[in-house]
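> Have a look at this one before I ask anything.
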Amino acid sequence: VSVCGVDLVGAPERDRAALRARSLGLIEQSHLRSLRPELTVRDNIALQLVLGGMRRDRARRAADDVLGDLGLAALAPRRPQTLSGGEAQRVAVCAAVAHRPTLVLADEPTGDLDRENAEAVHDLLVTVTGTVGAALLLVSHDTQAVRIAHRIVRIRDGRCSEEWRPDDAGRESLVVDDRGWVRLPEAVRRETGMRERLYASVVDGSIFLSNADEGTETGLDVERLDVEGLDVDEGLTIEESVSPAAARAVLVGHDVGRIGQDAVHVGRDVGRVGGASVADAAPIGMETEPANQPIATLTDVTVDRGGRRVLEKRSLQVCPGMLTVVRGRSGSGKTTLLRLLAGLDRPDSGEVIVAGTDLATLDRAGLADLRRAHLAVAGQGAALLESLDVTANLEMARQVRGLAPESPDVAGWIDALGLGPLRNRAVRVLSGGERQRVGLGRVLAVTPTIAIVDEPTSQQDEANAERLVAVLAAAAARGIAVVAATHDPVLVAAADDVLDLS
C-alpha cells in the first residue's frame, strides 16, 4: 500500500504520522468527528495549520481566506453546534484541505444530508481539491456522487466488481481479480433472473452466461399487474385487501409508482425483494388494516434552540399500521420532531400526546415508563452493546423490557435485515451499515406500538436500502406505527403518509 510515496506496509509510525499531517486530508462521515465543539469555525479550520507549526494568527487569517473564497465567511465566528448539517459538513471540508494536502479521503460525507446540501458538498469538494491540486477519493452510497467523478469503482462483497468512467456511456467493465472471480452486478441479476447456477460458453473469445434452467419463472412481473382489478397472471396471490404498506413490501425494488394507493394482500408465492422472498422478508404473520384513530399526535409544536426557530406550529398524526415519513432539508427539524414524539425533548409551545397521554404531564421517570411501554427508537448513530453479538443485542433489547429474550421475532428480523450470516458476530467489528441494521432490528424485536427511526437508510447501499424499506413496510403491515425521518426517495415513495418540513 503506497500513499504519496510512503509504503505503509512496515512503515514506522513517525513516517505514517508525517504522511497524515502533511499530505492527507480526511473528511469523516459525521462532522461531529471532524469539528471540535469548543472551537469556532475559524479556529477549527486553523487547527490543522497550527498543529503543523504555523503561528496562530497567520493560521486564522488563512482560515478566513478559505472561508471567504468559498462564500462561507459569515460562518467564521460560529460554533459547530449552531450550524445546520449542510453548513457543518462544508466547514469540515474546508478544515480537511486548509493545509493543502496531496490526497483528500472523503468517507460518506453526504450520508446525513438532503439532496440539495449533498450536491453543495460535492461541488465544494471539487472546488477545494481543484484549488489545492489534490486528488479526491470519495467513498459513497450516493449514486449522484458519480457526477463529479473521473473514475468510478464499485465494491461488492469486499471485491472490486465493476469500474467505469463517465464518458463510457453507461458501459460498466466487470473486474476479474487475480483468482478469476467476477461479481455480477445486482441490476443484471434482477433483469435477467439469473439463479445460483449458470451455463458458461465461449464463442470467438467472448464469454456467454445463461440460466441453468431457462424455463424457470423469475418472479413477479410488475408490467402484468392489473392494479384496478387487483389481478395478476402469475407470481402474486391476492387474498384480501390490506394497507398500501403491505403492497409496497412486495414491490419495493420494482416500479413503486405503478401501485399508487391501491392495496393488495400477498400470499407465499411472490416475487423477490432484496435477494429474499417477501415471505421471508420479515416475521410478518397476518397483516392488519391500519387503524383509523391515531396513536400519537403532535399539534402546533414550536421549538426554539440557540436563538433559531427549529420548528414552528407543526402538526402530525401517527396511526397504527402506517409508515409515516418526515422529510425536509438538513436543519429543517426532522430529528427534533422525532425527539418530541419520543419524549426526549419538549416543545416550547404546542401539544404532544402519545397513547392517550399528554407528555407535558409526565416527569422524566414517567416519560421513561411510557417509552418502555409503547416506543422504540433508532437514532442516526446506533448505540449498541459492543461486547455482544447481533443476536444478543436484540435479545437484550427484549429482556430490559421484561420480554422473553428468545423469540421467533429475533431470528426473523435478523434474517429480514440481511444479518443472518452475522448473527453470532460481535457488533464492534460490524460496518456502519450493518450496525445501523442491528439498531433497527432492536427496535422491531420488541414489537413496539410506535417505532421511531431517524435516517434508517443513510448508511446502506442500494440493495440494503431497498431491503430496509421492505422491512419497515412489513413492520407497518403488522400493525406497528412506523415513523421515519429520511432524505431517501425510495423510502418516501413507500410511505403511507408524508410530512414535508422543507
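> Looking only at region 401-415, decide whether some residue is more than 20 Å from Arg478 (Cβ to Cβ), in contact (Cβ under 8 Å) with a residue 12 or more places away in the chain and over 21 Å from the mean Cα position of the chain (by Cα).
The answer is no; no qualifying residue exists.
> Can you tell which of Gly25, Gly53 is surrounded by 12 or more Cβ atoms within 10 Å (Cβ to Cβ) and small (Gly, Ala, Ser)?
Only one candidate qualifies: Gly25.
> Which residues, taken from region 63-77, are buried (at least 16 other Cβ atoms within 10 Å of the Cβ) and in contact with a helix residue (DSSP H, G or I) (Cβ under 6 Å, 6 or more places away or on another chain)?
Within region 63-77, Ala63, Val66, Leu67, Leu75, Ala76 meet the criteria.
> Right, here's the next one. For region 387-404, what are the residues that are in contact with a helix residue (DSSP H, G or I) (Cβ under 8 Å, 6 or more places away or on another chain), part of a loop (DSSP other than H, G, I, E, B) and open to solvent by less than 70 Å² (accessible area, probe 1.4 Å)?
Leu388, Ala404
> Also: Report, ordered by the first and then the second residue, all pairs with beta carbons closer than 6 Å, sequence separation of six or more or different chains, a first member in region 42-57 that is without any contact (Cβ under 8 Å) to a residue 40 or more places away in the chain, and a second member that is basic (Lys, Arg) and open to solvent by 50 Å² or more (accessible area, probe 1.4 Å).
Arg42/Arg60; Val50/Arg56
> Limited to region 174-209, what total is found for residues that are hydroxyl-bearing (Ser, Thr, Tyr) and surrounded by 12 or more Cβ atoms within 10 Å (Cβ to Cβ)? Quick ask: steps written out before the conclusion?
Step one: list which residues in region 174-209 are hydroxyl-bearing (Ser, Thr, Tyr), which gives 192, 199, 201, 206.
Cutting the leftovers down to surrounded by 12 or more Cβ atoms within 10 Å (Cβ to Cβ) gives us 192.
Count: 1.
> Taking region 335-350 only, how many residues are of a type in the set (D, E, K, R) and touching a strand residue (DSSP E or B) at 6+ places or on another chain (Cβ under 7 Å)? Break it down stepwise before answering.
If we filter region 335-350 for residues that are of a type in the set (D, E, K, R), which is where we start, we get 339, 345-346, 348.
Subset that is touching a strand residue (DSSP E or B) at 6+ places or on another chain (Cβ under 7 Å): 348.
Of the residues in that region, 1 qualify.
> Can you name the number of the only condition in (1) open to solvent by less than 60 Å² (accessible area, probe 1.4 Å); (2) within 18 Å of the chain's Cα centre (by Cα); (3) under 28 Å from Leu47 (Cα atoms) that Pro101 fails?
Answer for Pro101: the failing condition is (2).
> Report yes if Glu214 is at pLDDT below 75 and either among the basic types (Lys, Arg) or farther than 30 Å from Thr324 by Cβ (or both), otherwise no.
So Glu214 fits the description; yes.
> While we're here: Quick check on Val326: is it under 23 Å from Val471 (Cα atoms) and touching a Lys or Arg at 6+ places or on another chain (Cβ under 7 Å)? Give the steps one after another, and end with the answer.
Values: under 23 Å from Val471 (Cα atoms): yes; touching a Lys or Arg at 6+ places or on another chain (Cβ under 7 Å): yes.
Yes, satisfied.
Okay, residues lined up against (1) closer than 29 Å to Ser332 by Cβ; (2) touching a His at 6+ places or on another chain (Cβ under 9 Å):
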site	(1), (2)
Arg56	no, no
Arg60	no, no
Ala63	yes, no
Ser84	yes, no
Ala88	yes, yes
His99	no, no
Val121	yes, no
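The values are calculated or read from the model by the stated rules, or taken from the named source; none is laboratory data. The shown structure was predicted, so the numbers you read here are calculated from the model rather than taken from an experiment. Here the Cβ is made from the backbone with ideal geometry for all residues, glycine too, and neighbour counts use every protein chain on show. In case anyone asks, the SASA skips ligands and DNA or RNA and just uses the protein heavy atoms, side chains included. Shrake-Rupley method; radii C 1.70, N 1.55, O 1.52, S 1.80 Å.
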